[in-house]
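The values are calculated or read from the model by the stated rules, or taken from the named source; none is laboratory data. Every value quoted in this text rests on a predicted model; they were computed, and no experiment measured them. Cβ placement follows ideal geometry from the backbone for every residue including glycine, while neighbour counts extend to all protein chains displayed. Remember, those area values only see protein heavy atoms, side chains included, never the ligands or the DNA or RNA. Shrake-Rupley method; radii C 1.70, N 1.55, O 1.52, S 1.80 Å.
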Amino acid sequence: MDPSRRPLNFLMRGINNKVIVKLKNNLEYKGRMVKCDNYMNILLEGASEFYNSNLIANYGKIFIRGNNVLYICLKADILP
Amino acid sequence: MDPSRRPLNFLMRGINNKVIVKLKNNLEYKGRMVKCDNYMNILLEGASEFYNSNLIANYGKIFIRGNNVLYICLKADILP
Amino acid sequence: MDPSRRPLNFLMRGINNKVIVKLKNNLEYKGRMVKCDNYMNILLEGASEFYNSNLIANYGKIFIRGNNVLYICLKADILP
Amino acid sequence: MDPSRRPLNFLMRGINNKVIVKLKNNLEYKGRMVKCDNYMNILLEGASEFYNSNLIANYGKIFIRGNNVLYICLKADILP
Amino acid sequence: MDPSRRPLNFLMRGINNKVIVKLKNNLEYKGRMVKCDNYMNILLEGASEFYNSNLIANYGKIFIRGNNVLYICLKADILP
Amino acid sequence: MDPSRRPLNFLMRGINNKVIVKLKNNLEYKGRMVKCDNYMNILLEGASEFYNSNLIANYGKIFIRGNNVLYICLKADILP
Amino acid sequence: MDPSRRPLNFLMRGINNKVIVKLKNNLEYKGRMVKCDNYMNILLEGASEFYNSNLIANYGKIFIRGNNVLYICLKADILP
């Protein structure tokens, strides 16, 4: 496959940017994606946990197992 | 297998077109499919999220993990 | 294994014929199977979506991720 | 492993015989198993679908994706 | 690994003995385990099906797909 | 990886000791772990089954399929 | 991939530190992570189990099967 078309390459370029990670169980994490691999294992820094838009908890560093991920939102300005 | 029969080749040809992506949890995303791989990991641009036909949110770029996908609808004129 | 006994070979011979695809979540799709692979990723053309025998939607081309498939019904005369 | 102990070899010998295939979602299919592979993908001919012992539908040929199978019942005289 | 420690080797030695096979959906099968492989695909002979200790059905030969298995009980005297 | 850091090596050292095995469906088994492999397939001897701390049944030997395991508790003094 | 970007390398560096491990079923374990592998199989020492922030049980050593893990929280000061 033409590498420029690979979605995982794009995801890697989002490293060090703020992201929203939504899990299959509807929990949502906002923070800076400092690490990420092909399974979508993700390390977030300064992460906040939300459920139905309500803040549940704040975490220093949180390591999310990739198989729980529903989607990752990458727009640069999603967080103030 | 004769490559022309492979459904994933067809999916790749849909890149840069508007698609509807339906997930197993019934969430639906409409947007331009800018990247896609064999696991159906998909990067959508200008994505809107729907649940039971109701608009839930708009996203700049959203990266959907392939194992959540139920189907992808490829008809060119699905979106205005 | 004797190739003539492989069920996937049989499925491939159904390409370009009308099929019913039933998913694990009970959604049902009727249409022409234009592509299919060993994971049962399927591209249907002129597809109609049913739930409990009620028509839900019509699609031009729909790409179904194979791991959602429960069964594929192949009788030539299932659709008028 | 001693091949005579492999359960899949036994299953293959059931080809062309009548079987009952029970799925994880409790649907049950009775018919002649014309094809079968190691994933328990199964092609049934003259298949009838049952739910809680009630006949739901008759199919000409039905292709069942193996990962949905709970068990396959092989007794020669299960169907009249 | 020291082969004598492998649990699957032990399971193989249970072949031709009576076993109880409990599935994830709580169905229980009692019978003679005539075949078994590393995925815990199991062929039972003279099998009886139980749910909450109630007899549901008797089967001649039943082939259980391994991924549904919760546990297999191997005590020689579990059945009279 | 430094082998001394591998959690599975540690698990193997627990062989022949009493353990508690908790499954995803909340069933709990207490007994002596006589065999174990990398998938956490486990053979317990003198096993008792509990649900919500209530004793459900006693088993001679029980073979638990690893994919059902939630956790294994290894403290030497968990059982009298 | 540049190894410094791999989230699993980061996780390994958390060995011997206190962590919170949240499972898919919402159980939560706090303790010292003494071992960990790429599947996120984790050995915790001095582990406490919580459900909805209520203490359920204390364990000496608990071995958690990686496929149940939702996330691992690594902030050094999460526990007193």
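Tabulated data for the structure shown
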{"quantity": "For A:Asn41, distant residues with modelled amide H under 5 Å away", "calculated": "A:Gly66"}
{"quantity": "For the protein assembly as shown: accessible area per residue (Å², 1.4 Å)", "calculated": "44"}
{"quantity": "Rounded to whole Hz, the Karplus (6.51, -1.76, 1.60) HN-Hα couplings of segment C:47-58, x for glycine and proline", "calculated": "8, 10, 9, 10, 9, 6, 6, 8, 5, 9, 6, 10"}
{"quantity": "Cα-based equivalent ellipsoid of the protein assembly as shown: semi-axis lengths in Å, sorted from largest, via gyration tensor", "calculated": "37, 37, 19"}
{"quantity": "Chain F - charge dipole about Cα centre, Lys and Arg +1 at Cβ, Asp and Glu -1, debye rounded to 20", "calculated": "120"}
{"quantity": "Under Karplus coefficients 6.51, -1.76 and 1.60, residue-wise ³J(HN,Hα) of segment A:59-66 in Hz, glycine/proline x", "calculated": "10, x, 10, 10, 10, 9, 6, x"}
{"quantity": "Violating pairs (Cα-Cα greater than 29 angstrom) within the set F:Lys30/G:Lys35; C:Lys35/D:Lys35; B:Lys35/E:Lys24; D:Lys24/G:Lys30", "calculated": "B:Lys35/E:Lys24; D:Lys24/G:Lys30"}
{"quantity": "Convex hull (Cα only) mean projected area of segment E:3-73, reported in nm² to one decimal", "calculated": "4.4"}
{"quantity": "C:Asn17 long-range amide H proximity, modeled H, under 5 Å", "calculated": "C:Met33"}
{"quantity": "Amide H partners (placed H, <5 Å) of E:Gly60, local residues excluded", "calculated": "D:Lys75"}
{"quantity": "Closest approach to the axis - chain F beta-carbon, rotation onto A, Å", "calculated": "F:Asn67, 9"}
{"quantity": "Accessible area buried between chains F and G, both sides summed, probe 1.4 Å, in Å² to nearest 100", "calculated": "1900"}
{"quantity": "Fraction of accessible area attributable to carbon and sulfur, segment B:3-73 (%, probe 1.4 Å)", "calculated": "43"}
{"quantity": "For chain G: relative contact order, % (alpha-carbon pairs under 8 angstrom, 6 or more apart)", "calculated": "30"}
